[in-house]
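Each remark here refers to the structure printed beneath this line.
The values are calculated or read from the model by the stated rules, or taken from the named source; none is laboratory data. From a predicted model like this one, the values you see are computed outputs, not experimental measurements. Note that we place each Cβ from the backbone using ideal geometry, even for glycine, and neighbour counts take in every protein chain shown.
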4 protein chains.
Amino acid sequence: MKRKIRMGMVGGGPGAFIGNAHRCAARLDGLIELVCGAFSSHPDKCRAAGKELFLPEERCYASYDEMFEKEAKLPEGERMDFVSITTPNHTHFKIAMKALECGFHVVCEKPMTTTVEEAEALAAEVKRTGLLFCLTHNYTAYPMVRVAKRMARGGELGEIRRIMVEYPQGWLADAVTPDNIQGSWRTNPATSGISCCMGDIGSHAENLAEFITGLKITELCANIKTFVPGRALDDDGDVLLRFDNGAIGALSASQVAVGEENALKIRIYGTKAALEWRQENPETLIVKYNDRPAQLMRRNWAGVGAEWSRLPAGHPEGFFEAFGNLYRDMALAIDARLTGGTHETEYPTVEDGLRGVRFIHAVVGSQGAWVKL
Amino acid sequence: MKRKIRMGMVGGGPGAFIGNAHRCAARLDGLIELVCGAFSSHPDKCRAAGKELFLPEERCYASYDEMFEKEAKLPEGERMDFVSITTPNHTHFKIAMKALECGFHVVCEKPMTTTVEEAEALAAEVKRTGLLFCLTHNYTAYPMVRVAKRMARGGELGEIRRIMVEYPQGWLADAVTPDNIQGSWRTNPATSGISCCMGDIGSHAENLAEFITGLKITELCANIKTFVPGRALDDDGDVLLRFDNGAIGALSASQVAVGEENALKIRIYGTKAALEWRQENPETLIVKYNDRPAQLMRRNWAGVGAEWSRLPAGHPEGFFEAFGNLYRDMALAIDARLTGGTHETEYPTVEDGLRGVRFIHAVVGSQGAWVKL
Amino acid sequence: MKRKIRMGMVGGGPGAFIGNAHRCAARLDGLIELVCGAFSSHPDKCRAAGKELFLPEERCYASYDEMFEKEAKLPEGERMDFVSITTPNHTHFKIAMKALECGFHVVCEKPMTTTVEEAEALAAEVKRTGLLFCLTHNYTAYPMVRVAKRMARGGELGEIRRIMVEYPQGWLADAVTPDNIQGSWRTNPATSGISCCMGDIGSHAENLAEFITGLKITELCANIKTFVPGRALDDDGDVLLRFDNGAIGALSASQVAVGEENALKIRIYGTKAALEWRQENPETLIVKYNDRPAQLMRRNWAGVGAEWSRLPAGHPEGFFEAFGNLYRDMALAIDARLTGGTHETEYPTVEDGLRGVRFIHAVVGSQGAWVKL
Amino acid sequence: MKRKIRMGMVGGGPGAFIGNAHRCAARLDGLIELVCGAFSSHPDKCRAAGKELFLPEERCYASYDEMFEKEAKLPEGERMDFVSITTPNHTHFKIAMKALECGFHVVCEKPMTTTVEEAEALAAEVKRTGLLFCLTHNYTAYPMVRVAKRMARGGELGEIRRIMVEYPQGWLADAVTPDNIQGSWRTNPATSGISCCMGDIGSHAENLAEFITGLKITELCANIKTFVPGRALDDDGDVLLRFDNGAIGALSASQVAVGEENALKIRIYGTKAALEWRQENPETLIVKYNDRPAQLMRRNWAGVGAEWSRLPAGHPEGFFEAFGNLYRDMALAIDARLTGGTHETEYPTVEDGLRGVRFIHAVVGSQGAWVKL
């Protein structure tokens, strides 16, 4: 690479779990340097965050507008190359649009927007500008998920018949107290959009199923529910799925599944073989057969997934490393633009983001009936 | 006990997996003696089976009618006490009705009948005769399932919100050849009834969910499918569930889930705790909490489930032992009748069988819409 | 088979875990009938036990001497065919010798005797009489252990280099109270012999390692210990092992390993592949490679171990079923003698028993130094 | 923190797995900046490595001597604060001594030195200079290992009786080809010292056992072996252990355990409870009891190990994150020195390094007999 790639950040102030996760992931390979941020809409908090991150005060901006405008005026080689958007859902759209307008590549949290219209507009803008856009469906970046994708799309499972994907969490089983920043904005329609559970994690499950298989959900029938009294958005639900090749399956997501941490899991059954992957044990991909013993494929063992590995097998890579694969991908893609090289990105795109927003709206709109997606 | 309890059997001839399982289970505790059988509708096969079982030729009957009639004329202390019905689904009803008519207690395979009307008639007949009737939803007899039931019904989970139950198998992923006796009758509407997958295993899943929780499914919405070309009945499907307390969940069953053996699994999430149990690892019940570490409850460790155990913890009990709990229960119940004692049975009853048949018909009738159960 | 095989039993009175396990195992396949017993040295207890087992009073004998002598005088077809010896260790020798003298085949618990001299004398007597003798190293009878044996001896692992076998239990972590019958006799030198932990379970571990690999331990160096104050025999220890092909390894056994149930586990590493098997999860055999993913071999899946299976894959078989394989083997062997047929037994023999007794004495005699075995 | 802490590196040139791991770990939290390096004894390779790391050419030094001397002359705030030594074993001593002499804090790979004398001299020098010294027994930095330490040392297990620690790997099962850089220097006495397997990984196992429990090995008896023909150092072995409180146990390590990745595992049994931890599944600590169900403690669930966590439970942290805990610790300790604050380090020290070297020499010197440690 020609030089380190420069990152700006919107969001990720004090107490923001995902903002810190983005930064750790971006740092991991030493290819990216955080150079500026609009970490909070409170200027004091923004500056405090920037100070902790060893940023100069003048690059801790009071707003993303200011950041994009001022950074755009800095010379190449000094100004940021791309922005990471790690704010609550309702702000993604306008931040991303502004970033694109100012010529910055974008890494954006999911769900991409809170309405389908915004998602479509953003997709159009990405296309129009030709800028890079990575949606952080970070689970797709686990090496064994990419191995699963290659196997499924390469025909190793035969024709796919059944997909079971689930994402149970327990952390919102009780009413959220105001000091729970993460929980508060996610359960608030003003910041989260029309869905909590299905938007926050159901969309990851949807994305994972389509990412691995290359199949598209064509119809779904959802039964979602709000269990915690006083909560305005769904916190639990199940969705029947029909795919474009005739496969069927079910998607379950819950944030009131007491005792569950972050238990995203997918199983895919084809005519020849089946796959099983669990996010909490991400280094293993189980491959099952009717006519021989199941195989435990492990990251970087016997060459499996070596191209997405930083460590030998048995030296656990986890959430940051997967997330870091997205950032590395973005850094290499930007470098290719800077140097006139080429780099084929593997990260989820604005199209995946649009599809996710459509999925969320279909699920919420289903009300127990079948709807097209 | 006063004496060994005497068992007759209908079905269970050569190649019948489940018939042999019944016999092994019945033998396990030494409380039951097989004294007669109508093992096959072919008299030769019946006699051959009886010979292998060391039965006298005169008690290997050419038909169940003959068996019930002749046995009924033998003196108490010689005639059979109860019958085990292990034939294909379509015959359960008439065999069970005849057995009851002749005064014999009944152990019957599931699904209990192939129509709701038959199931209702049989339930009425059991009630009228006052005879004992055990439906072999054998998975309910695993010690850790009974522990789960006690916990769930005793309030240890709090209010139940979510139930996820699944039963994937892979053995019918391809078209069945004629020599596959088990597969042939199950995929044939004439012998299996209106459903293959949902009748054979989906009904186990339904039963397990209701058995453990005491909740009732009030509404369901099913998406079932036949994947194998030329097959007349469903071999795969998912069902959205609503329970009488407001809980929701999903049931998935498949016989085309390549690589899956007999992977019945249930998870139950309450407001306070959650349970997870897997049939393939039946000695462990996982209890999960939001506010403390999960617990691995193990059969007969620290007293858990000791009342249903034959062996110390760590000495695996399995399918036969669970099944044997049903037979022991039946033997003790019959002995109580013989001796004027009392015995409280824990086995599934004709009412469970009726509910299962209603479930199967609701699922098949759903056609993607919500139906009451 | 010509007829059911007739079993007598010594030991196995009230509260005897292993006696009941023997009976359940013997019953499982319906090939064996318990016809008599000397269940206790207290005649009342013996009769009570016999009554519970539905035996006629005249065949509940006051002593094994009486049993062997009287049974020997009964006509063939009525008298017992073999005896199961399930008493404490110190009695095995004289009971077995007497049984052989009276012409009965023997199933005997391990350790076979409490001295090497007795073991040698018993081995000689078995050879002299030509009678059948099965030592219940029951863990060798798990289907996946037999699959492991076939693989290891068939060269699928390459040359074996390393064997790790362990058997931790926690049940004797505290001093034994008198009502703990199992614990009391095992910790008493008068009934248990020179070792508790190494005799009771260490010898299972030794046997398993040699059974699967066909290798012989040639030298060992042991560090054993008694942790519970006042206990007269070892309750914990580790043993360095050297095998006749140059392989090395370690054996650990403990009865004070708090929290462990019955965690016998073995790992065998060869130049080409490795095996791992755990008794508490006996249906799975893991096969590991350097150049491809590990395989999960499962009982009766894709044909693996089908010849030792009673149930399809995913229908758990456990401790009784493994134990039952020994009894079935004995029954078929006796039948072959009755009918002039042939049957190749797979059960552990008097030679395995002799080897086990030598192992126990070597371990106890080692005192931290290397000793030949 | 006042500013980012500046790191220099010795070793870690092209193809060096552990050098890159150090850098990733050091970057993770954004507290440390790599400012210079002597990455290779080949100046070209060194410069190439530095360029890939975006370092200025003038700070890519031809030798560590040059680096320490030149960096020492740079002003505070520009010169490096500490050095990471990631070279083969035989060079650690002189590099570390020189670094200390020049006033730099040290992060050093294990084993610390190749002789006990060097280790003692280095320990004395660290003491004399008062500089910070972190030995990268990185496995001690997994959150759940630290939880285990707190539990074990806090008495939650009762008195510890048994420790079983094992570290099987399979990657050196065959002769090493010259292009295998990692394997080549580790199997070469000139670079590795007197031991391969026990030095490289056995010492991790020893350290882990003492780190968690606070107990000291007082005596050991080792059986080590070289399996691969032509190899000059041990590649496999088992060690009997005696601890200063009377506990006993065994340590096994192998680099020829085909199919094993990096399977460090420890079990610790006390009078009240037991712990089990596996490096390949590092987020879980199993706690076992005799009188209640086992618990699955999970990182950052219900508060467990939150102080060492960067991510919520269920978002896997792995090898880099544990390693990063050592670097964060070092960064905070240096910052405390810069700012006059205090910081209590948790990283392994030069004393642990000395102990490790003594362990390696005791094992190699044992030759099957008991030796004091």
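Restricting to the stretch A:4-19, name every residue that is at pLDDT 95 or above and either among the acidic types (Asp, Glu) or at negative phi (or both).
A:LYS4, A:ILE5, A:ARG6, A:MET7, A:GLY8, A:MET9, A:VAL10
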With the checklist (1) modelled with pLDDT under 95; (2) within 14 Å of chain A (Cβ to nearest Cβ) in hand, flag the one item D:LEU34 doesn't pass.
(1)
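Just to be sure before I move on: is B:ALA48 more than 12 Å from chain C (Cβ to nearest Cβ) and either closer than 21 Å to B:GLY103 by Cα or crowded, with 19+ Cβ neighbours inside 10 Å (or both) in the structure I sent?
Working: more than 12 Å from chain C (Cβ to nearest Cβ): yes; either closer than 21 Å to B:GLY103 by Cα or crowded, with 19+ Cβ neighbours inside 10 Å (or both): no.
No, not satisfied.
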Say whether the condition of being within 29 Å of A:PHE319 (Cβ to Cβ) and hydroxyl-bearing (Ser, Thr, Tyr) is met by at least one residue in the stretch D:278-293.
yes
Look through the stretch B:31-45, keep the residues that are buried (at least 21 other Cβ atoms within 10 Å of the Cβ) and without any contact (Cβ under 8 Å) to a residue 40 or more places away in the chain, and return whichever of them is nearest to C:HIS22 (Cα to Cα).
B:LEU34
Name, by its number, the condition in (1) within 13 Å of another protein chain (Cβ to nearest Cβ); (2) farther than 30 Å from C:PRO168 by Cβ; (3) not hydroxyl-bearing (Ser, Thr, Tyr) that does not hold for B:VAL357.
(1)
Among the residues of the stretch D:53-68, which ones are without any contact (Cβ under 8 Å) to a residue 24 or more places away in the chain and surrounded by 14 or more Cβ atoms within 10 Å (Cβ to Cβ)?
D:PHE54, D:LEU55
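Considering only the stretch B:185-228, how many residues are of a type outside the set (A, V, I, L, M) and farther than 28 Å from B:GLY158 by Cα?
In the first step, residues of the stretch B:185-228 are kept if they are of a type outside the set (A, V, I, L, M); the result is B:185-189, B:191-193, B:195-197, B:199-200, B:202-204, B:206-207, B:210-211, B:213-214, B:216, B:218-219, B:221, B:223, B:225-227.
With farther than 28 Å from B:GLY158 by Cα added as a condition, the list becomes B:185-189, B:191-193, B:195-197, B:199-200, B:223, B:225-227.
Total satisfying the criteria: 17.
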Is one or more of the residues making up the stretch A:333-341 within 19 Å of the chain's Cα centre (by Cα), in contact (Cβ under 8 Å) with a residue 12 or more places away in the chain and in a helix (DSSP H, G or I)?
yes
Among residues belonging to the stretch D:276-290 that are more than 9 Å from chain C (Cβ to nearest Cβ) and of a type outside the set (Val, Ile, Thr), point out the one that is surrounded by the fewest Cβ atoms within 10 Å (Cβ to Cβ).
D:ARG278
Answer from A:PHE17, A:PHE82, A:PHE39, A:PHE68 - the residue that is among the aromatic types (Phe, Trp, Tyr), within 12 Å of chain D (Cβ to nearest Cβ) and within 22 Å of A:LYS110 (Cβ to Cβ):
A:PHE17
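Being closer than 30 Å to A:GLY305 by Cβ and among the aromatic types (Phe, Trp, Tyr) is true for just one of A:TYR64, A:TYR139. Which residue is that? Write out each step before concluding.
Numbers: A:TYR64 fails: closer than 30 Å to A:GLY305 by Cβ.
One residue alone meets the criteria, A:TYR139.
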Could we say that D:MET9 is outside any helix (DSSP H, G or I), surrounded by 15 or more Cβ atoms within 10 Å (Cβ to Cβ) and in contact with a strand residue (DSSP E or B) (Cβ under 7 Å, 6 or more places away or on another chain) here?
yes
If B:LEU34 satisfies all but one of (1) in a helix (DSSP H, G or I); (2) touching a Leu at 6+ places or on another chain (Cβ under 8 Å), what's the number of the condition it fails?
(1)
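Identify the residue in the stretch D:12-30 that is over 22 Å from D:HIS90 (Cα atoms) and of a type in the set (A, V, I, L, M, F, W, C) and, among all such residues, is surrounded by the most Cβ atoms within 10 Å (Cβ to Cβ). It would help to see each step written out before you state the result.
Initially, the stretch D:12-30 is screened for residues over 22 Å from D:HIS90 (Cα atoms), giving D:24-30.
Now narrow it down to the ones that are of a type in the set (A, V, I, L, M, F, W, C): D:24-26, D:28.
Numbers: D:CYS24: 24, D:ALA25: 26, D:ALA26: 29, D:LEU28: 24.
Among those residues, the one meeting the criterion is D:ALA26.
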Tell me the residue from B:GLY318, B:GLY324 that is facing another protein chain (nearest Cβ under 7 Å), crowded, with 22+ Cβ neighbours inside 10 Å and within 19 Å of the chain's Cα centre (by Cα), please.
B:GLY318
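Among the residues of the stretch B:143-164, how many are under 17 Å from the mean Cα position of the chain (by Cα) and either in a loop (DSSP other than H, G, I, E, B) or within 14 Å of another protein chain (Cβ to nearest Cβ) (or both)? Working first, answer last.
If we filter the stretch B:143-164 for residues that are under 17 Å from the mean Cα position of the chain (by Cα), which is where we start, we get B:143-146, B:149.
Retained after the next criterion (residues that are either in a loop (DSSP other than H, G, I, E, B) or within 14 Å of another protein chain (Cβ to nearest Cβ) (or both)): B:143-145.
The number of residues fulfilling the criteria is 3.
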Would you say C:GLU344 is more than 14 Å from chain B (Cβ to nearest Cβ), out of contact with any His (no Cβ under 8 Å at 6 or more places or on another chain) and free of Cβ contacts under 8 Å to residues at least 12 places away in the same chain?
yes
For A:GLY368, are the conditions met, namely being assigned to a loop (DSSP other than H, G, I, E, B) and either of a type in the set (A, V, I, L, M) or in contact (Cβ under 8 Å) with a residue 40 or more places away in the chain (or both)?
yes
Scan A:THR87, A:THR140 and give me the residue that is of a type outside the set (Phe, Trp, Tyr) and either within 14 Å of chain B (Cβ to nearest Cβ) or part of a helix (DSSP H, G or I) (or both).
A:THR140
Which pairs do you get when a residue that is touching a residue at least 12 places away in the same chain (Cβ under 8 Å) and assigned to a loop (DSSP other than H, G, I, E, B), found in the stretch C:297-319, comes within reach of a residue that is surrounded by fewer than 24 Cβ atoms within 10 Å (Cβ to Cβ) and among the basic types (Lys, Arg), reach meaning Cβ atoms under 6 angstrom, with the pair 6+ apart or on two chains?
C:ALA313/C:ARG298
I'd like the full set of residues that are touching a Gly at 6+ places or on another chain (Cβ under 7 Å) and buried (at least 22 other Cβ atoms within 10 Å of the Cβ), limited to the stretch A:172-191.
A:LEU172
Could you go through the stretch C:69-82 and let me know if any residue there is in a helix (DSSP H, G or I), surrounded by fewer than 24 Cβ atoms within 10 Å (Cβ to Cβ) and touching a Ser or Thr at 6+ places or on another chain (Cβ under 9 Å).
no
When you scan the stretch D:289-306, do you find a residue that is touching a helix residue (DSSP H, G or I) at 6+ places or on another chain (Cβ under 9 Å) and of a type in the set (Asp, Glu), even just one?
no
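Kindly evaluate A:ILE266 against the criterion of being out of contact with any Gly (no Cβ under 9 Å at 6 or more places or on another chain), touching a residue at least 24 places away in the same chain (Cβ under 8 Å), buried (at least 20 other Cβ atoms within 10 Å of the Cβ) and not small (Gly, Ala, Ser). Please lay out each step first, then the result.
Details: out of contact with any Gly (no Cβ under 9 Å at 6 or more places or on another chain): yes; touching a residue at least 24 places away in the same chain (Cβ under 8 Å): yes; buried (at least 20 other Cβ atoms within 10 Å of the Cβ): yes; not small (Gly, Ala, Ser): yes.
Yes; evaluated as a whole, the condition is true for this residue.
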Can you pull out every residue in the stretch A:98-116 that is within 18 Å of the chain's Cα centre (by Cα) and in a helix (DSSP H, G or I)?
A:VAL116
For the stretch C:169-209, which positions are under 25 Å from C:PRO282 (Cβ atoms), among the hydrophobic types (A, V, I, L, M, F, W, C) and in contact (Cβ under 8 Å) with a residue 60 or more places away in the chain?
C:TRP171, C:LEU172, C:ALA173, C:MET198, C:ILE201, C:ALA205, C:LEU208
